[in-house]
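Below is one structure; the comments refer to it alone.
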Amino acid sequence: MDQKGTKLTTTDSSRPASTLPYTQPVLKATGLVKTYGKVVGLDGVDIELYQGEVLAVIGDNGAGKSTLIKCLTGAEVPDGGEIWLNGRQMSFKRPQDAKQFGVETVYQGLAVSPALDIASNLYLGRELRKPGILGSVFRVLDSKLMRKNAKAELDRLGISTLQDVTVAIENLSGGQRQAVAVARAAAFGSKVVVLDEPTAALGVRETNQVLDLIRRLRDEGIPVILVSHNMPNVFDVADRIHIQRLGKRAATITPKSHNMTEAVAIMTGAASA
Amino acid sequence: MTTDTAQTNPPPAGPPPAQHDLASEFLDRSTPISRLRNLLHRYPALSPAIVLVVAIVIFGIISPRFFFVNNLSLITQQVAVVGTLAIAQTLVILTAGIDLSVGAIMVLASMVMAQTAARNGVPAPLALLLGLIVGLAAGGLNGVLVTRLKLPPFIVTLGTLNIFLAITLLHSNSASVVGTDIPGLITWTGTTFPVVGVGITYGVVLMLVLYIVMAFVMGRTAWGRHVYAVGDDKEAARLTGIRVNRVLLSVYVVAGAILAVGAWIQIGRADAASPNAGTDLNLDSITAVVIGGTSLFGGRGTLWGSLLGALIVGVFRNGLALAGLDVLYQTLAVGILVIVAVSLDQWIRKVRN
Ligand SMILES: Nc1ncnc2c1ncn2[C@@H]1O[C@H](COP(=O)(O)OP(=O)(O)OP(=O)(O)O)[C@@H](O)[C@H]1O
Ligand SMILES: [Mg+2]
């Protein structure tokens, strides 16, 4: 992980400076197409995510950022295009397919169950069962262990806004709900973590906590895709920036190669890369 | 491990204290009314429990005969069938659906059980099994229509209600089967045994066993949790990695199995199988579930609440009859209860905002 300091000079700005020129991407997609009836959500999008980087995805409302995230993570099946994870071609049919390969996602709508508590939400769909026949035959959940682990995981991730894991989600503030969703992805993502606007409802302190968490994930070897409208945050945390425009990738830039004004110009079509 | 918690946990006097610090910031606790609302929101079975106790006290005062052992026995028997149907109904309503065909499935299964045994000479255990299979198949049909054709459960079960009734009438030639023609095993659910003087039927016991088993399944297994999650927010459940359609289908199939047991209980209770038995059981089961605090919007409610709801319906009908009021007042009372219960649910749900 000492590559971070060694800045390789490369002419190809679509590769992270921190990666050797011919490293294969952890997650790669080519020619992704997704249409909803007459609406074109994705119009042939390529994207690459490399080891050791935070890749930000920016774009105007409706540019296809969330659609891209959904297609990459099994929440939507693309009409066309290919997805590769560590060199293996994938065909994710549903979100659990991607989860199975260690790709965890915070979707824009958060996808938490309001009536269930924090611990249940963290473990939803991958519940722990009691040891022995109680678990194997009678399928009894080990709620105590899940609560204990959930608490430990929140501590480890440094998410201080959630104290009590037995509180139902509906009793949490918007920012706290977002923290639950981020914690779930960070806790279970072993290959890639994808975050679609994870800080939209957060205060300054909580936003910084999430940005720290994102950097920590990257440094622990889990690359992160971050969708955000917040330019300062993006330029703060991202290694590279994928600019999505009208269902296409307009450019991939880095915070070094371009400044915010230039990025916004590409986003809105006022300039090209 | 278990003894460990018993020591470290604070004594269970009311809700555990530290647990709600976080939540309390976002709940309005300023007035007694809003505190009551929070309480009811947290414990959905609380309001039906209060209503039941109050109803029992009032009816006991109005008519001393209410507490006679024969009458108590009668109430439990009346509740056994509706209570069992309410289990199936609760599962479906928890997924934000509704099952209008519970009565029809129960009657169909009961006619299959009674008729194959009485008319076709099928051995009693096999006849019960056939009834169970019919229940599973009928529930499965509902489930397939809801998940594959993506039709609203209300429409699907409105259709299958009529289909199942028609099949029942065709299959039975619209004729009842009397108890004397039915093997003892099938009418066993009507047999009573005394519990502190009150005659309890095996059908009532069967219903209680179903409640215990299903409450365990709903509270302590992943499947139960997934049923709540699907009813709570379908898209969120899907994105979390839950197979929403599989959960929905299984709910209807399990409901069908429970309804078949309900059919068995019904035969014992009536000491007969009649193709016209289930007409008002649909609405009574929905009433029980709604009074029991389960939200029609899904994801919220408990089975025990539904049992309380079924008891409330039974106690009201019985108590009003004992007080010498016409059946129409029972119907009126049940109607008012439903409206009040749903309004209460709406009011309680405002806690969220
Ligand atoms: N389920 C859907 N059905 C129909 N159209 C959709 C659906 N999801 C997305 N779209 C359309 O696809 C396009 C891209 O939407 P998408 O949600 O990906 O945008 P976005 O870049 O995430 O925007 P935002 O910044 O507002 O989140 C939009 O035109 C949108 O209307
Ligand atoms: Mg979006």
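Quick rundown of the values:
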| read-out | value |
| --- | --- |
| Selection from B:A236, B:A138, B:A277, by position along the positive dipole direction of region B:44-347 (Cβ) | B:A236 |
| Shielding by partners, peptide A:133-140 (average Cβ within 10 angstrom, other chains) | 2 |
| Among A:Y50, A:Y123, A:Y36: highest mean-square fluctuation, GNM of chain A, C-alpha pairs under 10 Å | A:Y36 |
| Share of alpha-carbon pairs per 10 Å distance bin for region A:128-252, given as whole % | 11, 36, 30, 15, 6, 1 |
| Antiparallel content of DSSP bridges confined to chain A, in %, to 5 | 60 |
| Cβ-based charge dipole, chain B, positive-most Cα from B:I58, B:A45, B:F316 | B:A45 |
| A:A201-B:F297 FRET efficiency (beta carbon distance; Förster radius 35 Å; 0.05 resolution) | 0.90 |
| Intensity falloff of region B:44-347 expressed as log10 I(q)/I(0), Debye formula with alpha-carbon point scatterers, at q = 0.07, 0.10, 0.11, 0.16 Å⁻¹ | -0.25, -0.53, -0.64, -1.31 |
| Anchor A:K144: lysines whose Cα lies under 21 Å away (excluding residues fewer than 8 positions away in-chain) | A:K130 |
| Computed over chain A: relative contact order in percent, which uses C-alpha pairs under 8 Å that are six or more apart | 25 |
| Part-to-part distance (alpha-carbon centres) for region B:229-300 and region B:143-165, which is given in Å | 13 |
| Averaged over B:82-88, number of beta-carbon atoms from partner chains that fall within 10 Å | 0 |
| On Cα atoms only, tilt of B:327-349 relative to the major axis of chain B in degrees | 30 |
| Alpha carbon centroid spacing (whole Å) that separates region B:172-186 from region A:112-141 | 44 |
| Top of B:G298, B:G135, B:G309 by mean-square fluctuation, Gaussian network on chain B, Cα under 10 Å | B:G298 |
| Kirkwood hydrodynamic radius over Cα pairs of region A:97-143, then Stokes diffusion coefficient at 10 °C and 1.306 mPa s, in µm²/s | 128 |
| Separation between Cα centres of region B:79-105 and region A:35-81, rounded to whole Å | 43 |
| Antiparallel %, DSSP beta bridges [both residues in the protein assembly as shown], to 5 | 65 |
| Cβ neighbours within 10 Å from other chains - mean over B:214-223 | 4 |
| Convex hull of Cα atoms in chain A, direction-averaged projection (nm²) | 15.7 |
| Relative contact order computed over region B:44-347 (Cα-Cα under 8 Å; 6+ residues apart), in percent | 34 |
| Computed [θ] at 222 nm, helices only, for chain B once each DSSP H run of length n ≥ 4 contributes -39500 (n - 2.57) | -23500 deg cm²/dmol |
| Buried area at the A-B interface (accessible, heavy atoms, 1.4 Å probe, summed, Å²) | 2900 |
| Proximal aspartates and glutamates relative to B:K350, as straight alpha-carbon distance under 14 Å, when same-chain residues fewer than 8 apart are discounted | A:E170, B:D28 |
| Set A:K38/B:K150; A:K191/B:K234; A:K70/A:K191; A:K34/A:K248; A:K28/A:K248 screened for pairs whose C-alpha atoms are more than 19 Å apart | A:K38/B:K150; A:K191/B:K234 |
| Rounded percent of accessible protein surface that carbon and sulfur make up, chain A, 1.4 Å probe | 52 |
| Kirkwood hydrodynamic radius of the protein assembly as shown, from inverse mean 1/r over distinct Cα pairs, in Å | 27.4 |
| Carbon + sulfur, % of accessible area of chain B - ligands and nucleic acids excluded, 1.4 Å | 69 |
| Estimated [θ] at 222 nm from DSSP helical runs (n ≥ 4, -39500 (n - 2.57)) normalised by residues in chain A, nearest 500 | -9000 deg cm²/dmol |
| Electrostatic dipole magnitude of region B:44-347 [Cβ: Lys, Arg +1; Asp, Glu -1; Cα centre; debye, to 20] | 600 |
| C-alpha long axis of helix B:202-220 to longest principal axis of chain B, angle in ° | 40 |
| Fraction of alpha-carbon pairs over 25 Å apart in region B:248-353 - percent | 31 |
| Cα-based radius of gyration of region B:156-252 once divided by 2.2 N^0.38 Å, which approximates compact folds | 1.59 |
| Accessible solvent surface per residue of the protein assembly as shown, calculated while the other protein chains remain in place, 1.4 angstrom probe, Å² | 44 |
| Set of aspartates and glutamates with alpha-carbon distance to A:K99 below 15 Å, sequence-local pairs under 8 removed | A:E76, A:E127 |
| Cut-off of 10 Å, at most 12 other beta carbons, DSSP loop: longest stretch of chain A lacking such trypsin sites (Lys or Arg not before Pro) | A:94-255 |
| Taking N as its residue count, the alpha carbon Rg of region A:142-192 over 2.2 N^0.38 Å | 1.11 |
| Kyte-Doolittle mean at least -0.5 and Cα axial length at least 18 Å: DSSP H helices in chain A | A:174-188 |
| Most positive-pole-ward Cα, A:T254, B:G184, B:I339, against dipole of the protein assembly as shown from beta carbon charges | A:T254 |
| Within a Gaussian network of chain A (alpha carbon springs, distance under 10 Å), most fluctuating of A:T199, A:T252, A:T161 | A:T161 |
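The values are calculated or read from the model by the stated rules, or taken from the named source; none is laboratory data. The model shown is predicted, which means the values in this text are computed figures rather than measured ones. Here the Cβ is made from the backbone with ideal geometry for all residues, glycine too, and neighbour counts use every protein chain on show. Side chains are part of the model used for accessible areas, which takes the heavy atoms of the whole protein and leaves out ligands, DNA and RNA. Shrake-Rupley method; radii C 1.70, N 1.55, O 1.52, S 1.80 Å.
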